[in-house]
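J.: Quick one: this structure, given as structure tokens, is what I'll be asking you about.
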Amino acid sequence: MISVEDLKVEFGVKPLFHDVSFVINERDRIALVGKNGAGKTTLLKILCGMQKPTSGRVAVPHDTTIGYLPQVMVLQDDTTVREEARKAFAHNMELKARIDRMERELGERTDYESPEYNALVARFTQEHDRYLMMGAGNYEAEVERTLTGLGFLRTDLERPTAEFSGGWRMRIELAKILLQRPDVLLLDEPTNHLDIESIQWLEQFLATSPGAVVLVSHDRAFINNVTNRTLEITCGQVVDYKVPYNQYVVLRQERREQQLRAYENQQKEIADIKEFIERFRYKPTKAVQVQSRIKQLAKIVPIEVDEVDTSAMHLKFPPCLRSGDFPIICDEVRKDYGSHTVFENVTLTIKRGEKVAFVGKNGEGKTTLVKCIMGEIPFDGMLKIGHNVQIGYFAQNQAQLLNGELTVYDTIDYVAKGDIRLRINDILGAFMFGGENSEKKVKVLSGGERSRLAIIRLLLEPVNLLILDEPTNHLDMPSKDVLKEAIKAFDGTAIIVSHDREFLDGLVDKVYEFGGGKVREHLGGIYDFLRSRKLESLDQLGTLSPQAAPATTPTATPAAPSANKLNYADRREQQKRIRKAEKDVKACEARIEKMEQRISELDTLLCTPEGAADMVLVTEYTDIKKALDEEVAQWEKLAEILEELQKE
């Protein structure tokens with residue numbers, strides 16, 4: 001379908017890659033892998049025509065369609081979710097509009113015997129048949145099925161896209177691309193904004209898709225379940241492994257060992273030649289042989305060896321104080337935002353040394369409960385932090401709190417203690433900060449690089465309760481392996497909010513599922529939970545609505561009798577106070593929504609190198625976060641006043 005020949009890309013003195021040739025065939029499921037900066041995103045942009053190579057060509061047949069999902073997109077916020085997804089069928093809708101126009105014209109005209117009328121009938125029949133063959137009449141059902149598969153509720157489909165975070169809007173863009181059914185799908189980190197259920201749905205969708213797929217992802221389970229071929233960008237070349245990712249890992253190790261042997265033999269040959277030249281350089285009788293050796297040395301093409309795989313490196317947390325037997329105890333914890341109940345009746349106990357996962361769709365309260373544990377937001381119920389608990393918290397905005405004036409090395413050196421200071425360069429290399437990168441100032445790092453640095457910093461601090469909120473979003477596979485091994489060897493307790501099944505597999509021994517305003521405990525690992533979830537999903541769907549339904553009824557019944565005790569004038573004055581309180585609450589909610597929207601926009605900007613280095617944006621982000629906390633506190637006071645008034 002797509003043929004790539006002798007591709008070369010240069011951004012500086014050294015080419016990013018060169019002499020790249022391969023073919024993408026129908027039904028290929030290709031994983032594009034390589035270290036960060038190797039050129040994976042660049043190659044995807046070249047394949048879809050967004051970027052031109054320095055030399056070489058990409059041949060795409062005229063009738064082949066390509067869909068490309070980049071990591072970052074400029075998103076529009078002027079429609080509802082459903083209307084935005086319908087844009088995938090713009091061609092079909094144009095065809096439908098033409099058919100409707102022709103149908104109206106046929107109904108209005110009376111020259112039934114004229115050649116023009118017959119030509120219009122023929123054209124209408126042809127276009128109508130084409131419309132039916134495309135199955136375009138069913139696109140509404142397909143839009144709904146795709147959006148719900150990616151995690152949207154049916155009630156979300158009529159909401160404006162502006163109400164959703166950047167991650168959810170990226171899901172809409174992914175839905176549009178999938179709905180277009182292109183011949184070749186190019187996906188750059190498609191799972192970054194998806195939860196486990198949505199990732200599984202996407203896996204099934206791609207498995208049944210008739211076209212070819214080329215994807216970049218650091219989600220090992222996703223790659224293993226989807227792909228059957230692996231293209232690796234390494235040492236400026238693209239190596240084609242016609243095997244799935246798991247088999248590629250084995251073959252790559254064998255190939256690297258062969259490279260090392262060839263490299264060592266070549267280095268020995270070069271050393272022998274140089275020794276001969278130096279020994280006989282000034283002997284006239286050996287002049288011919290010396291010149292021959294010099295020419296031989298000049299013709300040798302150096303063998304490049306793949307970058308060293310640091311995933312085998314082990315990193316341990318420093319010793320920490322022993323915490324109490326139960327670091328976290330929740331009893332009937334509830335959190336509401338206005339009339340919306342995020343969760344209720346949360347009762348759980350996390351024991352010392354346990355590694356647990358918080359999973360569930362986005363927006364179901366995982367991060368909210370973490371913030372309750374951290375004491376960042378108020379809640380109802382009892383939540384107890386155990387004796388001697390020292391919390392190490394990695395939030396998704398944690399990276400913005402790093403000192404921008406320090407270098408990468410100094411940031412880690414500041415918290416490293418004892419022998420670990422001798423291994424700082426090795427640790428930084430394991431998280432892609434090797435060589436000159438360690439001397440960069442934090443303020444010039446991208447959002448993803450700052451996140452990785454914040455994780456390293458956390459790994460070196462003496463804590464006994466780790467709380468990690470989506471820690472793997474900006475890590476490649478070797479770095480994730482280092483982090484996973486460190487958490488497994490950690491003596492303390494860990495709470496991990498993540499959708500990365502491969503990362504959680506073998507790491508956690510208990511799973512808390514968030515959904516429908518409830519938190520359910522599942523004993524066992526992540527795959528035990530997924531197996532049980534499939535068996536229980538129908539029963540759970542049946543039990544969710546009865547549990548949720550009564551929540552609104554108790555508040556409504558006491559209001560009427562108490563109001564009847566008041567006389568007419570008092571009731572009128574009471575209603576006036578209630579309306580004012582409701583107005584104040586709504587105004588406060590509008591301000592909170594506006595601030596949260598701006599924070600979401602700043603999150604997107606701060607994830608770019610330019611944005612991360614812009615201190616004006618960083619200052620604005622900090623100020624808005626502080627103002628948001630104050631506004632939420634004010635909202636809680638107003639909501640309490642309104643609740644008291646409604647009870648009178």
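J.: Could you list all residues from the range 136-165 that are of a type outside the set (D, E, K, R), part of a helix (DSSP H, G or I) and open to solvent by 20 Å² or more (accessible area, probe 1.4 Å)?
T.: If the condition is that a residue be of a type outside the set (D, E, K, R), part of a helix (DSSP H, G or I) and open to solvent by 20 Å² or more (accessible area, probe 1.4 Å), then Gly137, Asn138, Tyr139, Ala141, Thr148, Thr155, Ala162 are the ones that fit.
J.: Is it the case that Gly49 is part of a loop (DSSP other than H, G, I, E, B) and on the phi > 0 side of the Ramachandran plot?
T.: Taking the combined requirement at face value, the residue satisfies it.
J.: What residue, of Leu202, Leu187, Leu231, Leu215, is assigned to a helix (DSSP H, G or I), open to solvent by less than 10 Å² (accessible area, probe 1.4 Å) and either in contact with a Pro (Cβ under 8 Å, 6 or more places away or on another chain) or at pLDDT 90 or above (or both)?
T.: Sole residue among the options that is assigned to a helix (DSSP H, G or I), open to solvent by less than 10 Å² (accessible area, probe 1.4 Å) and either in contact with a Pro (Cβ under 8 Å, 6 or more places away or on another chain) or at pLDDT 90 or above (or both): Leu202.
J.: OK, next. Please find, among Ile99, Ile30, the residue that is on the phi < 0 side of the Ramachandran plot, modelled with pLDDT of 90 or more, surrounded by 13 or more Cβ atoms within 10 Å (Cβ to Cβ) and not in a loop (DSSP other than H, G, I, E, B).
T.: Matching residue, one of Ile99, Ile30: Ile30.
J.: Listed residues Phe89, Phe22; which is buried (at least 19 other Cβ atoms within 10 Å of the Cβ) and aromatic (Phe, Trp, Tyr)?
T.: The conditions single out Phe89.
J.: Consider Arg130 carefully, then state whether it is among the charged types (D, E, K, R), more than 22 Å from Arg181 (Cα to Cα) and either open to solvent by 60 Å² or more (accessible area, probe 1.4 Å) or modelled with pLDDT of 85 or more (or both).
T.: No, not satisfied.
J.: Based on what the data block shows, is Glu173 at pLDDT 80 or above and under 17 Å from the mean Cα position of the chain (by Cα)?
T.: yes
J.: Might you let me know whether the range 460-478 holds any residue that is among the charged types (D, E, K, R), part of a helix (DSSP H, G or I) and in contact with a helix residue (DSSP H, G or I) (Cβ under 7 Å, 6 or more places away or on another chain)?
T.: no
J.: Same structure again: Looking only at residues in the range 458-512 that are farther than 19 Å from Ile526 by Cβ and among the polar types (S, T, N, Q), which one is modelled with the lowest pLDDT?
T.: Out of the qualifying residues, it is Ser479.
J.: Among the listed residues Lys283, Lys295, which satisfies the condition of being exposed (fewer than 10 other Cβ atoms within 10 Å of the Cβ) and over 28 Å from Val239 (Cα atoms)?
T.: Lys295
This table checks each residue for (1) open to solvent by 10 Å² or more (accessible area, probe 1.4 Å); (2) in a loop (DSSP other than H, G, I, E, B); (3) at pLDDT 75 or above; (4) touching a Pro at 6+ places or on another chain (Cβ under 6 Å).
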residue	(1), (2), (3), (4)
Arg421	yes, no, no, no
Ile424	no, no, yes, no
Phe433	no, yes, yes, no
Lys443	yes, no, yes, no
Arg450	no, no, yes, no
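The values are calculated or read from the model by the stated rules, or taken from the named source; none is laboratory data. Worth saying up front: this structure is predicted, and the values here are computed from it rather than measured. Neighbour counts run over all protein chains shown; Cβ positions are idealised from the backbone, glycine included. Heads up: the accessible areas ignore ligands, DNA and RNA and are worked out on the full protein's heavy atoms, side chains in. Shrake-Rupley method; radii C 1.70, N 1.55, O 1.52, S 1.80 Å.
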